[in-house]
Every structure is written in structure tokens, then in C-alpha cells.
């Protein structure tokens, strides 16, 4: 267990017998929370500077503690620091080493605080940093999507509903849908408001009788304001749930585009090509090139969801305030963060090694009577009938084409006139796929100008 300079446990004055070896095995978290070392040292430095400002500790003690903490940070960065499991966590590992470096004055570092407020402060700062890294990675991914979209504004493909050909769209327009999704993901990571509230100073759960200045540490550590209620502060993990939810939604978006690409890469669709850099082979079938990385992306969304539900389950029956159950929050967050970053980078690599099969996209877009809605719209615009009436007449024309085993553009004018007698040759323009795509000029639609404007908007 954690020991002070005199080789005694911190709580040895109260607990006389050694903690069981089994508890020592499961009770330590150092292998997980050592990732918080930078944050923990920064928080401790801000804390002792505040203690000095408030005349709670002397200038000499403040400087000695800061000297020791900076030395420890350098040791950790250069891998000269020994993390010891029996000292439980990052806080006590650092404090123990501080005793070794500066002596008894190290004991002042924990004045007017608890590990309860210390760890939450560390954790919030870490998640804020993680959010910045995720957003940088999302920006890179969005940029890759924009580059691919810019090359494929005029690449026509079927837009699907129910995996059935629905209406013609641009491949670029499809890609820009994911620009929207990943942009919303950025907002979710940026808008976790409680991350801006400073927990430091609430101590174990009641606050402290020392004359501390929480506004000082708030400003020093980059928060906006201190938390309002000490009991809530040490038990609050809403910010963890918010992060895990944001990660889950982002993972879901990754999974959806991965699913599309898996389907489109199959021989049945053959809409995209993947370079050898992002496929694997088969152990028995020499001809195979498998989209394993895409399947990895799809599968990892389940892990991210599981982390969210793990944390929800931990919290659902937890009384106020702090309990050991909450120790798992860091492992859960770290795991989701690492998975998400890997998946974002993998998807970025896939997009850089993906090309559309333009010929096949066009061929498939010509199937399934995909311009039927364009025909119904034409009838409304040019023959003064309601959309529902136009729908019925168009359905009848589709039935005729299906019976004759023809595409809509293969029907003769006379065949059209059997159902809509007033039709003339102008109707034939309706079935041009490029015209169909480009006619959707309403804001957010598939017209080429709309797509260009959206690409330029996000490139700025």
C-alpha cells in the first residue's frame, strides 16, 4: 500500500493491520491512471501556488514542492520514474516520490484537498486535451472526405433507400453527408460544458475549512468557473458519460460508412475499389481481397457502445457521494478514446486508398426506374395535375416498362401516350441522369452547384 517517508501506510494510524494482498492486487489503478501524470502534476502545482497566495504555506515550501514536482515530471517523461503498484494510483506514486526528493515538506501538498477532487480535476483536464486531439483527427478525416468529394462532383450513382435504387445522386453528395455527421461530432466533443467547471477545492465531499481561493485555481488550470456543490462534484461523472456518448455517436457514424463501403466493395455491387494497402487476403482462397479494416471499424462501434453502457450501469445505483466503483471511469474513457482515435485514422487511410467505380455506378443508377420521381414532378409542372395523380400515372408507366422489360428511357413516346396522351418529346429529357441530379437545386439538394458551395464552405 501507499507509504510515507517513514515507510508507514498513510492511514496506518487508523488501520493497524495490512490490507489483504488480494485487495492490493485489485485496488490499485496505477497501470491505468499513470496516463494522468501531466495533469496531476499541473493540478498540484496550481494547488500549492494557491496555498502560498492564501498564506497557508510558505514561499520556501511552495518552491520546494514545485521543484520536486517538475523533477518528477521530467523523470516520467524520460522513463526514469518507477511506478509502484503498492502505492495504488498516480497521485500517491507522485507524492511518495516527492517525499524522497524534498523530504517532509512534501506532506503540505495535500493540504485542503482530497484525492476525490484531485482525480476529477486531473480527469477533466485530460478529457479536454483528448477532445482537442479527437477534433484535430476529425479535421484531417473531413479534409480527406472533401478532397475525394471534390474529385467526384459529377460522378453519378444511385441513392438508396432500403438498399433499393431510389434516386440518382452525386457520389460527392453522398460523401458530404459524412462531412455533416463528423462536423456534428466535433460539436459534441466541444460542447461538454461541465468540463469547464473546476472541481479542485471541494476536498473529500464537504469543501474545506482552509481559506482557499477556488477562483485562482480555476483561472490557473484553464477552467471557466468552480463547481457549485461539493457533494455533487466528487460524485459527478456526467462529463464522462457525455464524452462516452460523443464517442459512441462518432463510432456509429464510422460504422455506417464502413457498412456502406463493405456492401459497395462486394461483387454484387462493385461500386468502389480498395487499394491493396487497405485489404487483406484469405488463408485458403487465393483470389480474395477482403475489406477487413472496414469490418474492424464496424465491429469497434460495439466496444464503444459497451463502454458507455458500462459507465451508465456503474452509476445507476450509486448513492452520493464517492465510491470505489468510480475508479473504473478512467479505464473506460481511455479505452473509448484509444479505439476512436484508431478508427478515425484507419477510416482516413481507407478514404485515401479508395476510388469509385464510375462506370458501374452509372450502370447501377440506370436500373430500378430511378427517374420515376422526376417523371412525376414533370407531370405536375407541365400538365397541371396534383402530385398524387402524377404518382398514379407514373406508377402505371413503370408497370408498363416492367411488363415490357424496358427501362423508362427505352419506352417510345407512343407508349407514354397510352397513359398520358398529352405528352410530347420534352418528357424524354426527364430520364437523363445528369439532368436528374442537377435539377435538385433546393438548398441541401444534389445539384452540382450546391455540392460545390458545400465543399467550399467546409474548405474555409
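Things to note:
- When only alpha carbons are used to place a centre, the stretch 383-460 and the stretch 181-247 end up 55 Å from one another.
- Measuring max minus min along each principal axis, the C-alpha atoms of the stretch 292-435 give extents of 79, 39, 25 Å (largest first).
- Mean residue ellipticity (222 nm) of the chain, computed from DSSP H runs ≥ 4 via -39,500 (n - 2.57), nearest 500: -19000 deg cm²/dmol
- Longest to shortest principal axis, alpha-carbon extents of the stretch 37-80, angstrom: 35, 18, 7
- Taking the square roots of five times each eigenvalue of the Cα gyration tensor of the stretch 368-459, the equivalent ellipsoid has semi-axes of 29, 14, 11 Å, listed largest first.
- Cα gyration tensor category, rounded, prolate or oblate, for the stretch 180-240 with a/c compared to 1.5: oblate
- Once C-alpha pairs closer than 8 Å and six or more residues apart are averaged by separation and normalised to the residue number of the stretch 280-428, the relative contact order reads 14 percent.
- The angle separating the long axis of helix 115-151 from the principal Cα axis of greatest extent in the chain is about 20 degrees.
- Ranked 129, 436, 336, criterion: other C-beta atoms within 10 Å, fewest first: 129, 436, 336
- Annotation: the residues 47, 162, 253, sorted from fewest to most other C-beta atoms within 10 Å of their own C-beta, follow the order 162, 253, 47.
- The stretch 184-305, Rg to Rh (Cα coordinates; Rh as Kirkwood inverse mean 1/r): 1.28
- Percentage of interatomic Cα-Cα distances in the stretch 39-158 larger than 16 Å: 69 percent
- Angle between the chain longest axis and helix 328-352 axis [Cα atoms, degrees, rounded to 10]: 40 degrees
- Taking a ≥ b ≥ c as the square roots of the eigenvalues of the Cα gyration tensor, the stretch 247-358 is prolate, since a/c reaches 1.5 or more and a/b is larger than b/c.
- Between helix 37-53 and the chain there is an angle of about 50 degrees, using the helix long axis and the longest principal axis of the Cα atoms.
- Counting neighbouring Cβ atoms within 10 Å and putting the fewest first, the residues 371, 161 line up as 161, 371.
Throughout, read-outs are computed from the coordinates displayed, never taken from laboratory work. Not measured: the values here are computed from a predicted model. All Cβ positions, glycine included, derive from the backbone under ideal geometry; neighbour counts span all protein chains shown.
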